[in-house]
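Read the figures in this text as sums done on the coordinates, not as results from a lab. This structure is a prediction, so every number in the text was calculated from the model and none was measured. Here Cβ is always computed from backbone atoms with ideal geometry, including for glycine, and neighbour counts include all displayed protein chains.
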Amino acid sequence: MKIIVIGGTGLIGSALVANLRGQGHDVNAASPSSGVNTLTGEGLAGAVAGAQVVVDVANSPSFAAEDVLAFFQTAGANLHQAELDAGVGHHIALSIVGADRNTDSGYMRAKVAQEQIIQAGDIPYTIVRCTQFHEFLRAIAATSVVDGAIHLTQASMQPIAASEVSAILAEIAVSPPRNATIEIGGPERRGLDDLVRTVLAADGDTRRVVTDPAARYFGELLNDASLTTSDGARLGRLTVEQWLAAN
């Protein structure tokens, strides 16, 4: 099977490409570095020609609200047209659990706009909404520093290891399209403050984590349901401690 991975050189994309190639599939890792740019359309038609499946795990280079919305709308439209022209039979997109519940976040609004383009299109699809990755917890800490301390909400998150995300996407890529949105997440729900404390302790990082109910997550004021999965979601196995031990 010929499968194109848009964003195929990133954290999820590179692991997904390796997984699918290991199964014997013909996989193209498409990204600007390989001459494929979904925002401008450069190289897109050639990349998807002859493909049965396209998996889009690409991200915007800017997280500013206007930039990220323009990216997902423009890239989504370009990709949809290229796939129509090529006769692609299954489009898979990686989105975010809670995207439609967190409307104060410009990034979340942009992901919903991306989903709407897919849902309104003519290509069979599967949208995979995923919780945050274990690998992003350090970055979350880095963006939450106030006067030398890390201020984070105690609202629950449900992080999942990137390796498990890529494995699930690989299964979906070789399965029939669902024409639906599914959710995947980590095995446990814990406060964001507690999760970051666990990672910092494992790193020997002595920075203080302050539990702050008013702390926002990329512009969003969270509650325990904001970024956690609904009933019926597929869950990974690796807890944060297990992921840390393996990495």
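What to note about this one:
- Degrees between helix 162-173 axis and first principal axis of the chain (Cα, 0 to 90, nearest 10): 30
- Working note: Cα gyration tensor of the stretch 2-246, eigenvalues times five, square-rooted, sorted largest first, giving semi-axes of 32, 19, 16 Å.
- Normalised contact order of the chain, rounded percent, pairs of Cα under 8 Å and 6 or more residues apart: 19
- Candidates per trypsin sites (Lys or Arg not before Pro) in the stretch 116-221, loop by DSSP, up to 11 other Cβ within 10 Å: Arg208
- Residues whose amide H lies under 5 Å from that of Asp212, counting only those 5 or more places away or on a different chain, are Leu152, Thr153, Gln154; hydrogens are built 1.01 Å from N in the peptide plane.
- Gln116 paired with Arg207, simple spin-label distance in nm, labels 7 Å along Cα-to-beta-carbon: 3.6
- With Cα atoms, 0 to 90° folded angle of helix 65-86 axis to the chain main axis: 30
- Distant-in-sequence amide contacts of Ile92, defined by a placed amide H-H separation under 5 Å and a gap of 5 or more residues or a different chain, comprise Val54, Val55, Asp56, Thr126.
- Most mobile listed residue (Gln81, Gln119, Gln23) in the chain, GNM with C-alpha springs under 10 Å: Gln23
- If you run the Gaussian network model on the chain, springs between alpha carbon atoms under 10 Å, then out of Pro61, Pro159, Pro176 the most flexible one is Pro61.
- Of Ala142, Ala18, Ala47, the one that fluctuates the most in a GNM where the chain has Cα springs shorter than 10 Å: Ala142
- Rounded tilt (10° steps) of 192-203 against the dominant C-alpha axis of the chain: 90
- Cα gyration tensor, the stretch 63-102 - rounded (a/c under 1.5), prolate or oblate: oblate
- The value given for the stretch 142-247 is a Kirkwood hydrodynamic radius of 15.3 Å, derived from the mean inverse Cα-Cα separation.
- Residue by residue, the stretch 235-241 carries 3J(HN,Hα) couplings of 10, x, 10, 7, 6, 4, 4 Hz when phi is fed to the Karplus relation 6.51 cos²θ - 1.76 cosθ + 1.60 (θ = phi - 60°); x denotes Gly or Pro.
- Least to most buried among Phe133, Phe71, Phe218 (fewest other Cβ within 10 Å first): Phe218, Phe133, Phe71
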